[in-house]
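Colleague: What follows is a structure written as structure tokens; I'll ask about it next.
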Amino acid sequence: MNKMFVGALCGLVLSAAAMAQSSLPVLELSAGMYRIEAEVAANDQHRQVGLMNRKTMPAQRGMLFVFPQERTHCMWMRNTLIPLSVAFIDAEGYIINIENMQPQTEDNHCAKVPARYALEMNEGWFAQRGIKPGFRLQGIDKAPRPQ
């Protein structure tokens, strides 16, 4: 294959991934008085792509990862261009721990105890609003079942 064809093919794959991301369902969550528009990644493909290749994200926007089982899930930032904070959340909506993650790294950031969800927001979003472990998010009970 020539380089131009491979480059065009890679561009199409990335465009398809971006289109798939933009069509994710959005769930409204709240953290006290703060509203969150969370794109929902409830299947393997959406959880694997996550927020990869995005250059920006609105302040109130995030991504909720819905896992099939409660485990000490870990997140990383391969191909993710924006710094993020991730809150690991139990089945009842309580935040277990919050980790800051730097772009394009492969460091693991893990739940300290088994988690059912992870919510990624722009880096510092939780800290700037005084949201800490033990805080309960509202609306998480409306999240779709994982696939």
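The values are calculated or read from the model by the stated rules, or taken from the named source; none is laboratory data. If you're wondering where the values come from, they're calculated on a predicted model, not measured in any experiment. When we count neighbours, we look across all protein chains shown, and the Cβ atoms used for this are built from the backbone with ideal geometry, even at glycine.
Colleague: Among the listed residues Thr80, Thr72, identify the single one that is surrounded by fewer than 19 Cβ atoms within 10 Å (Cβ to Cβ) and β-branched (Val, Ile, Thr).
Modeller: Answer to the selection: Thr72.
Colleague: Any idea which of (1) modelled with pLDDT of 95 or more; (2) in contact with a helix residue (DSSP H, G or I) (Cβ under 7 Å, 6 or more places away or on another chain); (3) not in a strand (DSSP E or B); (4) not charged (D, E, K, R) is the one Ala17 doesn't satisfy?
Modeller: Of everything listed in (1) modelled with pLDDT of 95 or more; (2) in contact with a helix residue (DSSP H, G or I) (Cβ under 7 Å, 6 or more places away or on another chain); (3) not in a strand (DSSP E or B); (4) not charged (D, E, K, R), Ala17 misses just condition (1).
Colleague: Also, I was wondering about something else. Can you pull out every residue in segment 60-110 that is among the aliphatic types (A, V, I, L, M) and either on the phi > 0 side of the Ramachandran plot or out of contact with any Asp or Glu (no Cβ under 9 Å at 6 or more places or on another chain) (or both)? Spell out how you get there, then give the answer.
Modeller: Restricting attention to segment 60-110, the residues satisfying the condition of being among the aliphatic types (A, V, I, L, M) are 63-64, 66, 75, 77, 81-82, 84, 86-87, 89, 91, 95-96, 98, 101.
Within segment 60-110, Val66, Leu81, Ile89, Ile95, Ile98 qualify.
Colleague: For segment 56-82, give me each residue that is in contact (Cβ under 8 Å) with a residue 40 or more places away in the chain, within 18 Å of Glu37 (Cα to Cα) and not in a strand (DSSP E or B).
Modeller: Passing the criteria: Met57, Ala59, Ile82.
Colleague: Another one. Looking only at segment 128-142, decide whether some residue is assigned to a loop (DSSP other than H, G, I, E, B), under 14 Å from the mean Cα position of the chain (by Cα) and of a type outside the set (Lys, Arg).
Modeller: If we filter segment 128-142 for residues that are assigned to a loop (DSSP other than H, G, I, E, B), which is where we start, we get 129-135, 137, 139.
Subsequent filtering for residues that are under 14 Å from the mean Cα position of the chain (by Cα) retains none.
So far as segment 128-142 goes, no, none of its residues is assigned to a loop (DSSP other than H, G, I, E, B), under 14 Å from the mean Cα position of the chain (by Cα) and of a type outside the set (Lys, Arg).
Colleague: Tell me, which residue of segment 29-55 that is among the aliphatic types (A, V, I, L, M) and not in a strand (DSSP E or B) is farthest from Leu119 (Cα to Cα)?
Modeller: Met33
Colleague: Determine which single condition Ile98 fails, assuming it passes every other condition in (1) touching a Leu at 6+ places or on another chain (Cβ under 7 Å); (2) not in a loop (DSSP other than H, G, I, E, B); (3) not polar (S, T, N, Q).
Modeller: Ile98 satisfies every listed condition except (1).
Colleague: Given Ala87, Ala115, Ala111, Ala91, which one is within 21 Å of Pro58 (Cβ to Cβ) and at pLDDT 95 or above? Write out each step before concluding.
Modeller: Working: Ala115 fails: within 21 Å of Pro58 (Cβ to Cβ); Ala111 fails: within 21 Å of Pro58 (Cβ to Cβ); Ala91 fails: within 21 Å of Pro58 (Cβ to Cβ).
The match here is Ala87.
Colleague: Quick check on segment 103-112. Is at least one of its residues touching a strand residue (DSSP E or B) at 6+ places or on another chain (Cβ under 7 Å) and among the hydroxyl-bearing types (Ser, Thr, Tyr)?
Modeller: Here is the first cut: in segment 103-112, the ones touching a strand residue (DSSP E or B) at 6+ places or on another chain (Cβ under 7 Å) are 108-112.
If we keep only those that are among the hydroxyl-bearing types (Ser, Thr, Tyr) as well, we get none.
No, segment 103-112 contains no residue that is touching a strand residue (DSSP E or B) at 6+ places or on another chain (Cβ under 7 Å) and among the hydroxyl-bearing types (Ser, Thr, Tyr).
Colleague: Looking at segment 101-125, which of its residues are surrounded by 13 or more Cβ atoms within 10 Å (Cβ to Cβ), without any contact (Cβ under 8 Å) to a residue 60 or more places away in the chain and either of a type in the set (Val, Ile, Thr) or outside any loop (DSSP other than H, G, I, E, B) (or both)?
Modeller: Of everything in segment 101-125, those that are surrounded by 13 or more Cβ atoms within 10 Å (Cβ to Cβ), without any contact (Cβ under 8 Å) to a residue 60 or more places away in the chain and either of a type in the set (Val, Ile, Thr) or outside any loop (DSSP other than H, G, I, E, B) (or both) turn out to be Met101, Thr105, His109, Cys110, Ala115, Arg116, Tyr117, Ala118.
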